[in-house]
Amino acid sequence: MRVVRVVLRSLVVASVAVATVIPAGSVSAGPVVAAPAPLVEAADTQAALEADTAHHGHAVLWDGLLDIWLESENHGPDAVSDMTVELTFSAPPQPDASLPDDCLRGGHRTILCRAGELRAASTGRGRALRLRFAGKPAEVVIAVATAWNGGAADRNHPNDRHTVLVPATGDAYAF
């Protein structure tokens with residue numbers, strides 16, 4: 001009878017082990033209770049949303065100054081509750097750079113800008129940034145990407161991830 005009970009208990013433990021890790025030697029004679037199913041989180045409902053976010057603009061570098069014009073869009077089909085754009089630079093901007101109210105430093109070479117809520121098939125307000133670099137770099141590379149889009153799925157990344165080489169020519173380079 002004891003062997004049958006141990007075998008049955010082992011089968012129950014093995015079926016529960018898919019969802020629960022049970023340390024060796026911890027099986028007791030008491031009943032085995034399966035772990036409850038995970039709760040559906042609010043983020044899971046957001047994942048059902050789909051948006052096609054995009055960032056476009058241009059950048060000009062001359063005399064150690066980088067001017068950037070940036071616009072964010074949402075091609076839909078769903079609205080984005082909140083969006084943040086990340087700009088990463090190959091050279092660190094001067095730390096005393098004055099940033100727009102909706103932008104902040106995300107690191108030594110990174111600036112994050114809030115684009116806010118974007119309805120489907122809409123463009124957010126554009127923003128201008130002027131950054132000064134130490135010395136006068138001959139070029140700056142900018143990586144533009146969506147840092148947060150409210151948790152919506154975006155299956156079209158070529159329009160929201162850009163790498164832009166901006167030589168110090170004073171010409172505007174579009175992305």
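The values are calculated or read from the model by the stated rules, or taken from the named source; none is laboratory data. Just so we're clear, the structure is a prediction, and the values are computed from it rather than from any experiment. Methodologically, a virtual Cβ is constructed for each residue, glycine included, from the backbone with ideal geometry; neighbour enumeration extends over all protein chains shown. Accessible surface is based on the protein model in full, side chains and every heavy atom, while ligands, DNA and RNA are left aside. Shrake-Rupley method; radii C 1.70, N 1.55, O 1.52, S 1.80 Å.
With protein chains left intact and a 1.4 Å probe, residues in the range 108-175 average 56 Å² of accessible area per residue. Around Ala153, under 11 Å between beta carbons, what's the net of Lys plus Arg minus Asp minus Glu among the other residues? Combined, the nearby Lys, Arg, Asp and Glu give -3. Across the range 68-129, Cα pairs under 8 Å and at least six residues apart give a relative contact order of 53 percent.
The Kirkwood hydrodynamic radius of the range 64-130, based on inverse pair distances between different Cα atoms, is 12.8 Å. Quick check: net charge around Thr84, other residues with Cβ under 15 Å of its Cβ, Lys/Arg +1 and Asp/Glu -1? Value of the local net charge: -4. With viscosity set to 1.002 mPa s at 20 °C, what whole-number translational diffusion coefficient in µm²/s follows for the range 83-175 from Stokes-Einstein and a Kirkwood radius over Cα pairs? Answer from the Stokes-Einstein relation: 148 µm²/s. Pairwise inverse Cα distances across the range 133-174, averaged and inverted, put the Kirkwood hydrodynamic radius at 12.5 Å. With all protein chains in place and a 1.4 Å probe, the accessible surface of the range 114-155 carries 48 percent carbon and sulfur.
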